[in-house]
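**Student:** Quick one: structure below, then a few questions.
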Amino acid sequence: EQRETQSHTGNYKGPTPAGSGLQQRGAEQSTGDGAPSSSRVFVVRRDQDIYIHTLRKLFNESHGIFMGLQRSEEELAGKSRKAQLVQVSKNYRSVIRACMEDMHQAAGKFVRSLTVSILSAMELIWNLCEILFVEAATAGPLLLRLLDWVRLHVCDVDSMVREVLSSESPSKHKLFWNVVDVFVLQGRMDEARHLLSKEASANPASMNMYKILDDFMKKMPVPSLGNTQTLTELELKWQHWHEECQRYLQDGTFASNPHMESICKILLGDEDAILEKKELMTTWYHFLVTRLLYSHPTVKPMELRFYAQSSMDLFLGGESSPEPLDMILMAAFEFEMHQVIKECSIVLSNWWFVAHLTDLLDHCKLLQSHNLYFGSNMREFLLLEYASGLFSHHSLWQLGVDYFDHCPEYGRVYLELHIERIPLSTEQKALKVLRICEQRQMHEQVRSICKIMAMKALRNNRLGSALSWSIRAKDAAFATLISDRFLKDYCEKGCFSDLDLIDNLGPSMLLSDRLTFLGKYREFHRLYGEKRFAEAARLLLTLMTAHIAPCSFWMTLLTDALPLLEQKEVIFSAEQTYELMRCLEDLTAGNPDKQKFQDDDVETTKVEMLRLALARNLARVIVKEGTVEGS
């Protein structure tokens, strides 16, 4: 287990390489001056992110999406399969974004900014993987998807637009041309044209240039999702448009207005002109998409790797080395799914991202050739890691159960190991864990939980609960121990506790002889209370002659026979009376503490009373039976 730390510099402005919040796991914690801290002790805890309260929505809601995807696997077929998988991917991203919004309201400025930055980077990576792998966008629609991707993840454009438009004279605002340039760089032509119309209105001298530029921007061929034109047709139209735009630039049509001339150069895909707007784009992948839009709008998926690498080199220009986020995005553009997952596993602060993304890609049938890197199923490997982290949390462990359930190779083994480590702090929690184990027929774990809870109840002198747990565990030895405690309490107090439980033992009383005796002895008291003396007498005699009653309890049973022996009506037959006499003699003669037994005045008195009562009952029954036979 590693202590996961991240670095964060500056205020959050989106998932840029300089502020993505991504750093390799296990990075050394350092002091403010950059020197390693050696005077602190840090608590090492696995998957620390699960303890952040505001991330609870991420884990809970994504669990529902995950389970829905597993259940619908058989339903995903044909043309609708890709659409459903894309929708699942969007659902995951919506959960990430919802957590980011919640995080803005969380306390703790540094933690909030850092976590939002990491979540934003996660959504950025996921969205790109959705476009390239899940949706597998083809040439034409691919560029449109990438444009949407860039627009969604550039966070400071809209605020700049609002500032310009809210001013008295937008065209004279210092950020006016910056906003126009950003719209052009993102392919938002209608918005750029709308702003340029304000410039034309405020400056009639530029009207002619504006109309020409506006016409070019309006006519620019772009791919469509409706597939109304082939790629060849699009390329021909784009080439014709491009040549016409080139002529106006060469004729010096926009020479008198550097801003419009710069826009024209951008429309022509001039790399130098685009790089001049580097500060507005902020990232190399924004530069990549802008470059593709104006130089190769029909780019094919497998060509992306070449443009991505050159765009990164041009944008960074050797000024700084790529950061982890850059390497992850580059791996995606190179269609190296395994590398994307590997890098994310290293730099992200939890297993949530890689586990769910890998599961989705596996449902897309894209990971079969990558399993060799892990020696087993990569999807299962990552789900096991994620679920193991959930089990360290006091409530999220319940989500981990379902993830283990959907790991066919090792899931059950992991579940059995982790379920045994859950602290059974309350009986309610124990019942919840027990239900999970029973549903999965985890018999050893069921017995273990029941034994633990039975022992806890016994230590707290809650005999009824302890007996109930021992019966559920089918633990005969423990049930015998608790039955003895019940009988001991009865001897001391003269009554039973937890009568409802004892009265409703049913077949459970057969678990052990002592438990059987407890149940039957309670039945004897019930029969006696109902004045069913004959049945009570037969049951009492059976308990003694069957030898299931403990020897220490024989005197109590014989004493219980006294009221029956003294009844006006003869209850015990001669044969039954002889059996009681034999039991009494066996008790007094066979007791190992015979001398102590004889020296106890109370016990001696009981024995004498029993002998007298038995003799009198025998005399009565002989007279009665003799009279019956004589008549």
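**Student:** Show the residue pairs that are 6+ apart or on different chains and have beta-carbon atoms under 9 Å apart, the first residue being within the stretch 298-321 and farther than 23 Å from Pro221 by Cβ, the second being among the aliphatic types (A, V, I, L, M) and surrounded by fewer than 17 Cβ atoms within 10 Å (Cβ to Cβ).
**Tutor:** Sorted first by the residue in the stretch 298-321, then by its partner, the pairs are Leu314/Leu275; Phe315/Leu275; Gly317/Leu275; Ser320/Ala18.
**Student:** Does at least one position in the stretch 498-520 carry a residue that is within 20 Å of Asn461 (Cα to Cα) and outside any helix (DSSP H, G or I)?
**Tutor:** Yes - at least one qualifying residue is present in the stretch 498-520.
To keep it simple, each residue is scored yes or no on (1) modelled with pLDDT of 85 or more; (2) closer than 25 Å to Arg472 by Cα.
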| site | (1), (2) |
| --- | --- |
| Leu505 | no, yes |
| Phe517 | no, yes |
| Leu527 | yes, no |
| Met544 | no, no |
| Asp586 | no, no |
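**Student:** For the stretch 187-206, name all the residues that are of a type outside the set (Gly, Ala, Ser) and either exposed (fewer than 13 other Cβ atoms within 10 Å of the Cβ) or touching a His at 6+ places or on another chain (Cβ under 8 Å) (or both).
**Tutor:** Within the stretch 187-206, Asp190, Pro204 qualify.
**Student:** Is it true that Gln428 is in a helix (DSSP H, G or I) and not charged (D, E, K, R)?
**Tutor:** Judged against the criteria, Gln428 is a match.
**Student:** Step by step: first the residues of the stretch 526-554, then only those that are small (Gly, Ala, Ser) and buried (at least 18 other Cβ atoms within 10 Å of the Cβ), then the one that is farthest from Leu614 (Cα to Cα). Which residue is that?
**Tutor:** Within the stretch 526-554, the match that is farthest from Leu614 (Cα to Cα) is Ala549.
**Student:** Next question, about the same structure. Residues of the stretch 340-355 being crowded, with 20+ Cβ neighbours inside 10 Å and not in a loop (DSSP other than H, G, I, E, B), which ones?
**Tutor:** Correct list: Val340, Ile341, Glu343, Cys344, Val347, Trp352, Phe353, Val354, Ala355.
**Student:** Still on this structure: Run Tyr285 past the list (1) over 18 Å from Leu142 (Cβ atoms); (2) out of contact with any Cys (no Cβ under 8 Å at 6 or more places or on another chain); (3) surrounded by 13 or more Cβ atoms within 10 Å (Cβ to Cβ) and report the number of the one that doesn't hold.
**Tutor:** The failed condition is (1).
**Student:** Do you know which residues across the stretch 307-339 are modelled with pLDDT of 90 or more and assigned to a loop (DSSP other than H, G, I, E, B)?
**Tutor:** Within the stretch 307-339, Glu323, Glu334, Phe335, Glu336 qualify.
**Student:** Scan (1) of a type in the set (Val, Ile, Thr); (2) surrounded by fewer than 11 Cβ atoms within 10 Å (Cβ to Cβ); (3) closer than 22 Å to Phe176 by Cα for the single condition Thr232 breaks and write down its number.
**Tutor:** (3)
**Student:** A further question on this structure: What about Gln567, is it modelled with pLDDT of 75 or more and either in a loop (DSSP other than H, G, I, E, B) or touching a helix residue (DSSP H, G or I) at 6+ places or on another chain (Cβ under 7 Å) (or both)?
**Tutor:** In short, yes.
**Student:** Test Leu143 against the stated conditions and say whether it is in contact (Cβ under 8 Å) with a residue 40 or more places away in the chain, touching a Leu at 6+ places or on another chain (Cβ under 9 Å) and assigned to a helix (DSSP H, G or I).
**Tutor:** It is true that Leu143 is in contact (Cβ under 8 Å) with a residue 40 or more places away in the chain, touching a Leu at 6+ places or on another chain (Cβ under 9 Å) and assigned to a helix (DSSP H, G or I).
The values are calculated or read from the model by the stated rules, or taken from the named source; none is laboratory data. Not measured: the values here are computed from a predicted model. When we count neighbours, we look across all protein chains shown, and the Cβ atoms used for this are built from the backbone with ideal geometry, even at glycine.
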